[in-house]
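Here is the structure we will look at, set down as structure tokens.
The values are calculated or read from the model by the stated rules, or taken from the named source; none is laboratory data. Bear in mind the structure is a predicted one, so any value in this text is a computation, not a measurement. Cβ placement follows ideal geometry from the backbone for every residue including glycine, while neighbour counts extend to all protein chains displayed. We work out accessible area using only protein heavy atoms, side chains counted, and drop any ligands, DNA or RNA first. Shrake-Rupley method; radii C 1.70, N 1.55, O 1.52, S 1.80 Å.
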Amino acid sequence: MSPEYSKYTGAQVANVVSVDAVHPDETIIERAAAVLRAGGLVAFPTETVYGLGADATNHAAVARIFTVKRRPFTDPLIVHVASIDDVPPLVADFPATASTLARAFWPGPLTLVLPRSVRVVREVSAGLDTVAIRVPAHPVAHALVRAAAVPVAAPSANLFSCPSPTRAEHVVVDLGSAVDLILDAGPTPVGLESTVVDLTTDPPAVLRPGGVSVERLREILPSIVVKTAHASGAAALPSPGMLTRHYAPRTPLTLFEGVPERVLERVGHEVQVARSNGQRIVVLATTDVVTVLRRTLDEHVMMVDLGDVEHEQTVASSLYQSLRDADALGADRILAFQVTSERGLSLAVRDRLRRASAGSIVSL
Ligand code: TXA
Ligand code: MG
């Protein structure tokens, strides 16, 4: 057992293999590709989060993804391929808008929803007539998908509705020995999932904000709209990532958003009330807010710092780790401050914080 996993007691780690994030060893990649071709499950790093991969043309392998993640079969998977040239066999139509976006952002954290061809098994698309496809940029993901020589269906490698894994340790904790092989290349650089764009609607729609910002998409496709209203229920979801409870820690999280002074005042009040009731509280906020709170709140209040608000990439890349850290403190409640910016990656951070709150949002 490598020492860094020893703290995850009970987790089976014999299936973890370290691999260089920039120059992955070909022998390891070939071994992982063989597992995929044989119908096995491989967890691997992408530039966004760790994925749980299976051969997208193999019914049994795809079904295992859902079982291992405890994911409802109504929630479709993203298919990963090595290049834009691998897309045509998977789709019934490849419109000009799709190839324009693909050329601009692939390889990278953008997923395109397109009409599905019969080569993609139905389970991947949860019975929909569409399929979500992306070309990952992470050298390990890219090498693996290329070596596998099959399209690789891969959701995030976490238990359904928990925070996505940005480190191999998270995969070990969530899925452990249920995965045949876990490739560990350290933390994932973006730290939030890909942006999902539906190109089967007119105008095209962002179903999930993510690693490619809406501003950058608009430069290429000015008509694009954002459609991430929180849906409820599980049947026929346009993008089941829209389910309200998602990416959530186990500890109940309340999100506070609105005028910063009012939010500060309200959270300060909530902390006092909770503490007088004997409740243990964790506050989750960016560094600027944490700095103010350290001066005003009781020194025993636990805080998890999301990082410098000016560096949206830092906040994004540590968000899921921060949610797991906050959870690990074993508090009764997490009180989270919404990030104020809606630009760039902050839109995705805001979206994930809202989902982590499972609808427990206080707007001030
Ligand atoms: O960054 C990512 O996208 C990561 C890495 C591993 O590539 N994958 C990921 O997969 O986040 P997952 O399964 O956790 O999220 C896939 C999202 C879900 O919100 C799902 O509803 C949506 O993509 N999706 C998949 N197929 C779809 C389809 N045919 N139509 C609409 N939405 C779809
Ligand atoms: Mg996921």
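A few points about this structure:
Residues are listed down the side, and each one gets a yes or a no for (1) among the hydrophobic types (A, V, I, L, M, F, W, C); (2) open to solvent by 30 Å² or more (accessible area, probe 1.4 Å); (3) within 15 Å of ligand 2 (Cβ to nearest atom):
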| position | (1), (2), (3) |
| --- | --- |
| TYR50 | no, no, yes |
| ASN58 | no, yes, no |
| ALA61 | yes, no, no |
| LYS69 | no, no, yes |
| VAL79 | yes, no, yes |
| VAL87 | yes, no, no |
| THR100 | no, yes, no |
| PRO107 | no, yes, no |
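- All positions within region 330-364 that are small (Gly, Ala, Ser), assigned to a strand (DSSP E or B) and either open to solvent by less than 50 Å² (accessible area, probe 1.4 Å) or within 16 Å of LYS227 (Cα to Cα) (or both): ALA336
- For region 201-226, the candidate set comprises residues that are free of Cβ contacts under 8 Å to residues at least 24 places away in the same chain, over 21 Å from ALA316 (Cβ atoms) and not polar (S, T, N, Q); within that set, the residue that is least open to solvent (accessible area, probe 1.4 Å) is ALA205.
- Any hit, region 212-233, residues being at positive phi and modelled with pLDDT of 90 or more: no
- Filter result for ALA248 (within 16 Å of ligand 1 (Cβ to nearest atom) and not in a helix (DSSP H, G or I)): yes
- Residue within region 300-313 that is open to solvent by 50 Å² or more (accessible area, probe 1.4 Å), modelled with pLDDT under 95, under 24 Å from SER161 (Cα atoms) and of a type in the set (D, E, K, R) present: yes
- Qualifying residue in region 145-160 (condition: within 13 Å of ligand 1 (Cβ to nearest atom), surrounded by fewer than 19 Cβ atoms within 10 Å (Cβ to Cβ) and not charged (D, E, K, R)): yes
- Failed criterion for HIS142 (all others in (1) more than 16 Å from ligand 2 (Cβ to nearest atom); (2) open to solvent by less than 30 Å² (accessible area, probe 1.4 Å); (3) in a helix (DSSP H, G or I); (4) under 22 Å from LEU90 (Cα atoms) hold): (2)
- Of all the criteria given as (1) in contact with a Leu (Cβ under 7 Å, 6 or more places away or on another chain); (2) at pLDDT 95 or above, the one not satisfied by THR74 is (2).
- For region 163-185, a residue qualifies if it is part of a loop (DSSP other than H, G, I, E, B) and open to solvent by 20 Å² or more (accessible area, probe 1.4 Å), and the qualifying residues are ARG167, ASP180.
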